[in-house]
Amino acid sequence: MCHACGKLCQQRYIDIGCPSGAVGATRRGGTHRNRPRVRPGAGEGAGELTSCQMAALGATSMPLHSETAACHADLRDRIVLRGACEGTERRITTPAPWPIQTKACPMSPVLDTALVPPRDREETIRHAVWESVVPVDIDHHLPPKDLSVHIGLGTVGPIRICSARATALTVQRTERLAREDEEPAVFIGLQLTGTSLVTQNDRQSLLRPGDFALYETSAPYTLHFNEGVAHHFLRFPRAALALPERSLRDIAAVPLGSDNPVASLASTYFSQLAVSEELRRGLHADAIVEPSIELVRAVVASQLGNSSLARAPMEATLNLRITQYIRAHLADADLSAARIATVHGISVRHLYTVLARSGISLGDWIRSHRLAECRRELAGPNGRLRTIAAIGRSWGFVDATHFSKVFRQAYGVSPRAWRDQNRPRPSA
C-alpha cells in the first residue's frame with residue numbers, strides 16, 4: 001500500500017531516460033551507462049523513491065549533477081513513473097530536472113513533507129538535500145511522524161539559492177563527503193528567525209536573525225538547528241569567488257551581521273534576492289550575478305581587514321551600497337549628495353561619477369523613489385489618516401505646493417485625486 005496516494009502499488013520504478021545514457025553519473029564520479037538506469041522503488045534501497053514521493057519532491061525542480069546536465073543541454077528529458085496503482089501505468093513527461101540553463105529561475109518548491117508518509121520522510125528529505133543542495137548527514141531531533149520540512153530552490157547564474165523551513169535537526173558535512181567534493185563551493189547561511197550554530201575549522205558562530213556565516217563544502221562542517229530551520233542557503237562556486245584559501249579559512253564560521261556595515265548590507269541584499277522572483281529573472285538576473293559575487297568578496301575583505309583584497313570588490317559594489325543607503329534613508333529631509341558621499345568615504349564628484357555609470361541621476365533617482373512611496377501610502381488603507389502635505393513631508397517634500405506639482409508631473413494626476421481614486425469602497 002502506498003501511504004502517499006492510498007492505492008495499491010505492487011511495484012514502483014523511476015525510469016529516467018537519458019539520450020546519452022548518462023544517468024549513472026553522480027557527483028562522486030559515477031560512470032555513464034549505455035542504457036538508462038532503472039532504480040527500484042522505496043523499500044528496495046536507500047535513496048530510491050516511489051512516484052508519490054517524487055511528486056512530493058517536485059521532480060521538475062530538483063537539480064542533479066553537472067556531468068548529467070551536459071548531456072541534456074538542449075533537450076527535454078522524461079520521467080516515467082511506473083506504479084501498479086489500480087493496474088495502471090502513469091507516464092508523466094516533464095522538463096529535465098537538471099539545471100540546464102544558466103539564467104535565473106523562480107524559486108520552485110522541491111520538498112514538502114506534508115505530502116510524504118511518515119515512514120518515508122527521513123529518506124525523502126535526505127534524497128532532496130543530497131540532490132538539490134549538497135550531500136550531508138542529517139540527524140532529526142524528532143520522530144518521523146513529527147518531521148516537517150519545506151524546501152524551495154532558485155538560481156541566478158551560477159548562484160544556487162535554497163530557502164528552507166524545518167523542524168529541529170543537525171546537519172553534518174563529514175570528512176569523507178568533503179574529500180569527495182568535485183565542485184568546491186562556498187555557502188552563505190542566512191538566519192531568518194530564531195538561532196542556529198555553525199561550526200567549521202574549530203570555530204563556532206551563533207547566528208541570530210539577520211546574521212549569516214560562510215562555510216566551505218571542501219572542509220567538514222556542522223550546522224545545529226536546535227530551534228528548527230528558518231534559513232536561506234546561497235551556494236557560490238568557489239572558483240567564481242576567486243578568494244585566497246587563507247581568507248576562506250579565516251572567515252569560515254565567523255558570525256557576520258550588524259557590526260559590519262558591509263555584512264549588514266549583504267544580509268539585506270541576499271534576503272531580498274532569495275525571495276524576489278523578479279530579481280532572479282531575465283535581464284535582472286544577468287545584471288546582478290557579478291555584483292552578488294563582488295559583494296561576498298567585499299564582506300570577506302572588510303571583515304578580515306585586508307585592504308588590498310578589499311579594494312576591487314569594495315569599488316565594484318560601491319554603486320550597490322550607495323543605492324541601498326539611499327533607499328534606507330529616503331524619508332530623511334537632509335539626505336544630500338554631501339551626506340551620501342561622506343558616509344561612503346568618497347568625494348561628491350566621485351559619487352556622481354559612480355552613479356552615472358549606471359545611468360542614475362542622483363536628484364531624479366531620489367525624487368522618483370520618494371514619489372513612489374508617497375503614491376503607495378496615499379493609495380493604502382491608512383492614506384486618509386494624515387493630510388496630503390504631512391505624507392509628502394514624511395518623504396522629504398517639505399513644500400506642499402512643490403510636492404503636488406512634481407506628483408502630477410510624474411503620474412498625471414494630483415495627490416488628492418490619486419487618493420480619492422483609491423478610496424476603499426464600502427462593503428455591500
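Tabulated results
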| item | result |
| --- | --- |
| Some residue of region 74-91 being surrounded by 15 or more Cβ atoms within 10 Å (Cβ to Cβ) and either under 23 Å from residue 217 (Cα atoms) or modelled with pLDDT of 50 or more (or both) | no |
| Test: residue in region 214-224 that is modelled with pLDDT of 95 or more, assigned to a strand (DSSP E or B), of a type in the set (A, V, I, L, M, F, W, C) and within 24 Å of residue 157 (Cα to Cα) | yes |
| Condition check for residue 248: hydrophobic (A, V, I, L, M, F, W, C), in a helix (DSSP H, G or I) and out of contact with any Pro (no Cβ under 9 Å at 6 or more places or on another chain) | yes |
| Selection status of residue 378, assigned to a loop (DSSP other than H, G, I, E, B), modelled with pLDDT of 90 or more and of a type outside the set (Asp, Glu) | no |
| Test: residue in region 353-362 that is buried (at least 17 other Cβ atoms within 10 Å of the Cβ) and either among the aromatic types (Phe, Trp, Tyr) or more than 23 Å from residue 337 (Cβ to Cβ) (or both) | no |
| Condition broken by residue 360, with the remaining ones in (1) part of a loop (DSSP other than H, G, I, E, B); (2) within 23 Å of residue 260 (Cα to Cα) satisfied | (2) |
| Selection count where residues are acidic (Asp, Glu) and touching a strand residue (DSSP E or B) at 6+ places or on another chain (Cβ under 8 Å), scope region 136-186 | 3 |
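Here is a yes/no grid of residues against (1) touching a Pro at 6+ places or on another chain (Cβ under 7 Å); (2) aromatic (Phe, Trp, Tyr); (3) buried (at least 16 other Cβ atoms within 10 Å of the Cβ):
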{"residue": "154", "(1), (2), (3)": "yes, no, yes"}
{"residue": "160", "(1), (2), (3)": "no, no, yes"}
{"residue": "171", "(1), (2), (3)": "no, no, yes"}
{"residue": "177", "(1), (2), (3)": "yes, no, yes"}
{"residue": "182", "(1), (2), (3)": "no, no, no"}
{"residue": "187", "(1), (2), (3)": "no, yes, yes"}
{"residue": "191", "(1), (2), (3)": "yes, no, yes"}
{"residue": "196", "(1), (2), (3)": "no, no, yes"}
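The values are calculated or read from the model by the stated rules, or taken from the named source; none is laboratory data. Since this is a predicted model, take the numbers as computed values, not measurements. Here the Cβ is made from the backbone with ideal geometry for all residues, glycine too, and neighbour counts use every protein chain on show.
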